[in-house]
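One structure below.
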Amino acid sequence: MSNTDVLNEVKVFEKLSSDAFLVQIYGHGWLPHSDHYIDMELCSFNLDTWIRNNTARGRTLSAINASIANMPESHGRLRSEGWELLEELLSIIFQIIRGLSIVHDHKLIHRGFEPEKWYVF
């Protein structure tokens, strides 16, 4: 990335970072030898991590369907876990939609829609 590209990205972040659904920018500058840095909010849990953690524990969309639709009421704990996962997933979807809406309201597009770039709370 050129210095101009970095500065343009910083300007966009600064314009958008007042919203709670977007990563906050605290500052930026240059390191010795012309390396640019952006001081951003520390986010340790992204969508990719959430997907991997839940998949490793067998908590997938297929599991949600099975536990909610096919399980008798007598298996309340497992049925409840399916609803909890669905509620968590809907919260994440809402966060992503809200973040994209803010970006689009400023007539911008998000060029990289990978799970690693979406931080969830």
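The values are calculated or read from the model by the stated rules, or taken from the named source; none is laboratory data. Owing to the predicted nature of the structure, the values given are computational and were not obtained by experimental measurement. FYI the Cβ positions are ideal-geometry reconstructions off the backbone, even for glycines, and counts take in every protein chain you see.
On the given criteria, is Glu84 over 29 Å from Gly112 (Cβ atoms), modelled with pLDDT of 70 or more and more than 18 Å from the chain's Cα centre (by Cα)? Step through it out loud before you land on a result.
Details: over 29 Å from Gly112 (Cβ atoms): yes; modelled with pLDDT of 70 or more: yes; more than 18 Å from the chain's Cα centre (by Cα): yes.
When the stated conditions are applied, Glu84 passes them.
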Study note, to complete from the structure: Of those in region 33-54 that are loosely packed, with under 10 Cβ neighbours inside 10 Å and farther than 16 Å from Val6 by Cα, the residue modelled with the highest pLDDT is Leu42
Check your understanding: Does at least one position in region 104-113 carry a residue that is surrounded by 14 or more Cβ atoms within 10 Å (Cβ to Cβ) and either modelled with pLDDT under 80 or closer than 30 Å to Val10 by Cα (or both)?
Key -> no
Practice item. Consider only pairs whose beta carbons are under 9 Å apart and that are at least six residues apart or on different chains; among these, list those whose first residue lies in region 1-22 and is farther than 11 Å from Ile38 by Cα and whose second residue is among the polar types (S, T, N, Q) and at pLDDT 75 or above. Key: Ser17/Gln24; Ser18/Gln24; Phe21/Gln95; Phe21/Ser101
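So, of the residues in region 55-70 that are under 23 Å from Trp118 (Cβ atoms) and modelled with pLDDT under 80, which turns out to be surrounded by the most Cβ atoms within 10 Å (Cβ to Cβ)? Before you say what the answer is, go through the steps one by one.
Taking region 55-70 as the starting set, the residues that turn out to be under 23 Å from Trp118 (Cβ atoms) are 55-64.
Add one more test, that the residue is modelled with pLDDT under 80, and what stays is 57-64.
On the way: Arg57: 10, Gly58: 8, Arg59: 20, Thr60: 13, Leu61: 11, Ser62: 9, Ala63: 17, Ile64: 18.
My answer is Arg59.
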